[in-house]
1. If I model a spin label as a point 7 Å beyond the Cα along the Cα-Cβ vector, how far apart are those points for residue 114 and residue 187 in nm?
2. How far is the Cα center of the stretch 67-117 from the Cα center of the stretch 13-63, in Å?
3. Mind telling me which of 97, 157, 24 comes out most flexible in a GNM of the chain, alpha-carbon contacts under 10 Å?
4. Quick one: divide the alpha-carbon radius of gyration of the chain by 2.2 N^0.38 Å and tell me what you get.
5. Taking the Cα-to-Cβ direction at residue 54 and at residue 161 and moving 7 Å from each Cα, how far apart do the two end points lie in nm?
6. So for the chain, averaging the separation of alpha carbon pairs under 8 Å that are six or more residues apart and normalising by length, what relative contact order in percent results?
7. Can you give me the angle between helix 113-138 and the longest principal axis of the chain, using Cα atoms only, in degrees from 0 to 90, rounded to the nearest 10?
8. To the nearest 10 degrees, how steeply does helix 146-171 sit against the main Cα axis of the chain, on a 0 to 90 scale?
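The values are calculated or read from the model by the stated rules, or taken from the named source; none is laboratory data. Not measured: the values here are computed from a predicted model. Cβ: placed from backbone, ideal geometry, glycine included. Neighbour counts: every protein chain shown. Ligands, DNA and RNA are excluded from the accessible area calculation, which covers all protein heavy atoms including side chains. Shrake-Rupley method; radii C 1.70, N 1.55, O 1.52, S 1.80 Å.
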Amino acid sequence: MNRAPSNQTPATIAPGPVALAGLILIAALTRLLPHPPNFSPVEAIALFGGAYFASRQWAAIVPLLAMLISDLALALNGAGYATYLGGVSFWSVYACIAISVVLGFGLRGRVTGARVLAYALTGSVLFFAVTNCTAWLSDPLYPKNAAGLAAAYVAGIPFFKWTVLGTLGYAAALFGGFALVRRHFPALRTQTV
């Protein structure tokens, strides 16, 4: 029977990754609450994960997994949401999350209010550009020409303000909240995983 020497401590889970993953999951699950269309944490959780997870792999996995969990919960709630899962729009949103995680890498070690604002606005524009182009490509109602593409972008304008407001609000909550928590818990001051 092999036993570890008594001077070794058992492996523990680092608090940093758990705190980050918990914040991201909570933010993603707020999508289950009533909200205006496109007012969501999608871009903010991706930027936050990219900025704080030391492991680039976990920086991408955690936001994507949190979004998948919230998507599955929304599908269980009904209202036709299940048809969205696995569709072209679904994949365009997940592509935006992955791209925004990479964008968030630019915030590593350089998180300031002004930088988070700039990155959040960039992520919002990216989301608008990608998802409305996808709508144009996949929706047979839009002609596959420049006029059809323009119509898809014009149709998305009323939702864009909510995308921006949601991204800014969730980014402020995640980045600001984490900064406050880090002041009180030194174990969270360094990058995680």
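1. It is 3.5 nm.
2. Measuring centre to centre over Cα atoms gives 9 Å.
3. Residue with maximal mean-square fluctuation among 97, 157, 24: 157.
4. Details: Rg = 19.0 Å, N = 193, 2.2 N^0.38 = 16.3 Å.
Against the compact-globule rule of thumb, the ratio is 1.17.
5. The modelled label-to-label distance comes out at 4.4 nm.
6. With pairs under 8 Å counted, the relative contact order is 31 percent.
7. Roughly 50 degrees between the two axes.
8. 30
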